[in-house]
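Student: Please read through the structure below; I'll follow up with questions.
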Amino acid sequence: MPEHEQWQELKEMIAASDRIVFFGGAGVSTESDIPDFRGEKGLYKAQNKYGYAPETMISHSFFLSHPQEFYHYYLNEMIYEHAQPNAAHRALARLERQGKLQAVITQNIDGLHQLAGSRNVLELHGSVQRNYCMNCGAKYGLDFMLQHRQGPLPYCLDCGGLVRPDVVLYEEGLDGHVLGEAERYIRQAEILIIGGTSLVVYPAAGLIRYFQGNKLVLINKSATDYDHQADLVIRDSIGATLDWVVPQ
């Protein structure tokens, strides 16, 4: 048996429902050795060797005005092509296959949910796996972008336009369709499990207000402003928690 009685409580919740939605943040992927932004080893606290703050370097205006510096930072600091799904990703994929999990809503851009086998993944901030020419719309995979990690800039092989990642930069709005689908799934959920996020990044964090179901579960190693609203708060490893509560 696990040390935490909360694990057993969550397992019983999951067993009793087939309308579960998971909303996850950077903490879901830290166990795959992908750093978050605000944690102890996060990009915000790491020594900045680029001369600009991280939030500046991955902004829309900086991308347009300093594309060389943007790509140097983005391709070398935000791409973890060797990362593999962890226990949390795999447990969520199992839960979907069992017909209980209706959707994964993620703030992450690493594509690890799909690599683990999840099919219905709503990527609020896009994905490093998808890239497109800003001129003709031609699509490119991550391998193409990685060829330009040390330069030159990634230009389209068809028309010569600049290829950009299909990720939401600072100063850019979220995709309206994806946001709408996320809202719809959360409204329909009986259980909403939120994991690995401090719930401070808006508008994504604002999605929680659409939840009208029975049980709100928060799994996060640190406290959030929404802990008092939750029916169950688990401050533990999200991978260990989900791996135990979701049967093989």
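Student: If you go through the stretch 161-171 one residue at a time, do you hit one that is without any contact (Cβ under 8 Å) to a residue 60 or more places away in the chain, closer than 25 Å to Y71 by Cα and open to solvent by 30 Å² or more (accessible area, probe 1.4 Å)?
Tutor: Looking through the stretch 161-171, at least one residue is without any contact (Cβ under 8 Å) to a residue 60 or more places away in the chain, closer than 25 Å to Y71 by Cα and open to solvent by 30 Å² or more (accessible area, probe 1.4 Å).
Student: Also, I was wondering about something else. Look at the stretch 12-58 and say how many of its residues are modelled with pLDDT of 80 or more, more than 18 Å from the chain's Cα centre (by Cα) and of a type in the set (S, T, N, Q).
Tutor: Result for the stretch 12-58: 2.
Student: Name the residues in the stretch 46-70 that are out of contact with any strand residue (DSSP E or B) (no Cβ under 9 Å at 6 or more places or on another chain) and not hydrophobic (A, V, I, L, M, F, W, C), would you?
Tutor: Selection gives Q47, N48, K49, Y50, G51, Y52, P54, S65, H66, Q68, E69.
Student: If I filter the stretch 149-177 down to residues being of a type in the set (A, V, I, L, M, F, W, C) and outside any loop (DSSP other than H, G, I, E, B), which single residue comes out as nearest to M13 (Cα to Cα)?
Tutor: V167
Student: Being open to solvent by 20 Å² or more (accessible area, probe 1.4 Å) and either at pLDDT below 95 or in a strand (DSSP E or B) (or both) is the filter here; which residues of the stretch 124-148 pass it?
Tutor: Those that are open to solvent by 20 Å² or more (accessible area, probe 1.4 Å) and either at pLDDT below 95 or in a strand (DSSP E or B) (or both): Q129, R130, Y132, K139, Y140.
The values are calculated or read from the model by the stated rules, or taken from the named source; none is laboratory data. Keep in mind that this is a model prediction, so the values were computed, not measured. Please note: Cβ atoms are built from the backbone with ideal geometry, for glycine as well, and neighbour counts cover all protein chains shown. Accessible surface is based on the protein model in full, side chains and every heavy atom, while ligands, DNA and RNA are left aside. Shrake-Rupley method; radii C 1.70, N 1.55, O 1.52, S 1.80 Å.
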